[in-house]
1. May I ask you to list pairs of residues, at least six apart or on different chains, whose Cβ atoms are under 9 Å apart, with the first in region 12-31 being under 27 Å from residue 187 (Cβ atoms) and the second being open to solvent by 60 Å² or more (accessible area, probe 1.4 Å) and in a helix (DSSP H, G or I)?
2. Among (1) in a helix (DSSP H, G or I); (2) open to solvent by 20 Å² or more (accessible area, probe 1.4 Å); (3) closer than 23 Å to residue 21 by Cβ; (4) of a type outside the set (Asp, Glu), which single condition is residue 142 missing?
3. Taking region 192-208, which residues are in a helix (DSSP H, G or I) and surrounded by 14 or more Cβ atoms within 10 Å (Cβ to Cβ)?
4. Taking the criterion of being hydrophobic (A, V, I, L, M, F, W, C), part of a loop (DSSP other than H, G, I, E, B) and modelled with pLDDT under 90, would at least one residue in region 14-31 satisfy it?
5. Checking the condition at pLDDT below 95, on the phi > 0 side of the Ramachandran plot and either in a helix (DSSP H, G or I) or crowded, with 16+ Cβ neighbours inside 10 Å (or both), which residue from 42, 71, 82, 38 passes?
6. Kindly provide the set of residues from region 164-185 that are assigned to a helix (DSSP H, G or I), within 25 Å of the chain's Cα centre (by Cα) and over 17 Å from residue 228 (Cα atoms), ordered by number.
7. What tally of residues in region 181-223 results from selecting those that are without any contact (Cβ under 8 Å) to a residue 40 or more places away in the chain, β-branched (Val, Ile, Thr) and over 16 Å from residue 237 (Cβ atoms)?
8. Would it be correct to say that residue 146 is free of Cβ contacts under 8 Å to residues at least 24 places away in the same chain and not basic (Lys, Arg)?
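The values are calculated or read from the model by the stated rules, or taken from the named source; none is laboratory data. No experiment lies behind these values; they were computed from the predicted model shown. Don't worry about glycine lacking a Cβ; one is built from the backbone with ideal geometry, like all the others, and counts go over all protein chains shown. Remember, those area values only see protein heavy atoms, side chains included, never the ligands or the DNA or RNA. Shrake-Rupley method; radii C 1.70, N 1.55, O 1.52, S 1.80 Å.
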Amino acid sequence: MSQLVTGEAVVLQVRIARMPTRALACAIDFIVQMIVLGALLGILLRFLVVEASPALGAALVIITVLLVLIGYKVVMETLTRGKTLGKLMLGLKVVRDDGSSIRFRHALVRALLWLFVDFAPWFAASPGIVASLMNKQGKRIGDMVAGTVVIRERHQPMASPPLFVPGHLVQWAQSLELSRLSDDLANTAREYLARFIELEPAARVALGDALAYRVGQVTAPAPPVPIIAPAFLSAVLAERRRRELTRLATARATYSANTGPFSHPTPYAAPPGPFAAPGQHAAPLGQYAPPGQFAAPSQYPAPPGPYSAPANPYAVPAGPFAPPSPYGAQPAQYSPPPSPQDRPYPAPPPAPAQEPTKVNAEGWHAPGSEPDQWS
């Protein structure tokens, strides 16, 4: 992964195309160019042999070769905004250093330097390969001069890690202070959890402990009981996600309540009367107004909005558009057993049950979490 900074100072996370993939795309483009060049030379063969002079024939051959080698790249990358047939097949794209699409001048500079500098036959070693291997973004000389970079446009999306909060730590998670947790650190922890099973055991433990230490430095309070690093990171990220979903749902409900034909009137509207300006609205019902002909009627209470924010700031709003609970299914509420008089026969004593070890799908133990959360 690499970062590109746009003109609006927005950081974009992109995947840089490396040398083997770019070489394969270049080979595909070169085969296409040779096919087109052979077809054009076959069309001009009779004219070159029978009617054209040797000088004219050589000039036509050179012009045809240049048009195919340079014009193919320029036309394709200009029309497709950074793609050729080879790049299109391998999911590559040429973009500018700020992430925007390239234009004709960028494609022309890249094509000219590709032919005369990067892979020119008069150089003992290809400077483009050397520059690409030495540059951290894989740029050849044509990319450096044109201000472009080749990125991977198609890649397998990262699976979202299964975030959870152990049952005995729900109250602790709701009391966490997460204002100092940055987006970069949260994304790094999320990528670690997503790649947990792909890491070696030693690297898994070391990286998890390092990330848990960094997250613990910017969050408070500490867990009331010892907890392993992956479970700690998962609990923090699950609570962070829950708060964001609640905030977005509350903002959506507030916006819906303040708009529409049945919304609350504005408290700053002027009362109606002969001196009211045209287009002004009546004062809200139930608000104070001085007695007289400008007083607003107060016998009708203001109608409530269609939606209201949840009373509990930690509760996820209910409704058909509410997000699912990030904690999964919670244990059912306790209900007292029936009295002995209501039983047709005495109930047998319950057998002692041993709580099974809970292991989630990613492979780490989740002490205290519900067994059905990982089904």
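1. What qualifies is 13/187.
2. Among (1) in a helix (DSSP H, G or I); (2) open to solvent by 20 Å² or more (accessible area, probe 1.4 Å); (3) closer than 23 Å to residue 21 by Cβ; (4) of a type outside the set (Asp, Glu), residue 142 violates only (2).
3. Scanning region 192-208 gives 192, 193, 194, 196, 204, 205, 207, 208.
4. So the first thing to find is which residues in region 14-31 are hydrophobic (A, V, I, L, M, F, W, C), and the list is 14, 16-17, 19, 23-28, 30-31.
Imposing the further condition that a residue be part of a loop (DSSP other than H, G, I, E, B) reduces the set to 17.
Checking the rest, the ones that are also modelled with pLDDT under 90 come to 17.
Within region 14-31 (the criterion being hydrophobic (A, V, I, L, M, F, W, C), part of a loop (DSSP other than H, G, I, E, B) and modelled with pLDDT under 90), the answer is yes, since at least one residue qualifies.
5. Among 42, 71, 82, 38, only 82 is at pLDDT below 95, on the phi > 0 side of the Ramachandran plot and either in a helix (DSSP H, G or I) or crowded, with 16+ Cβ neighbours inside 10 Å (or both).
6. The answer is 183, 184, 185.
7. Total meeting the criteria: 1.
8. Taking the combined requirement at face value, the residue does not satisfy it.
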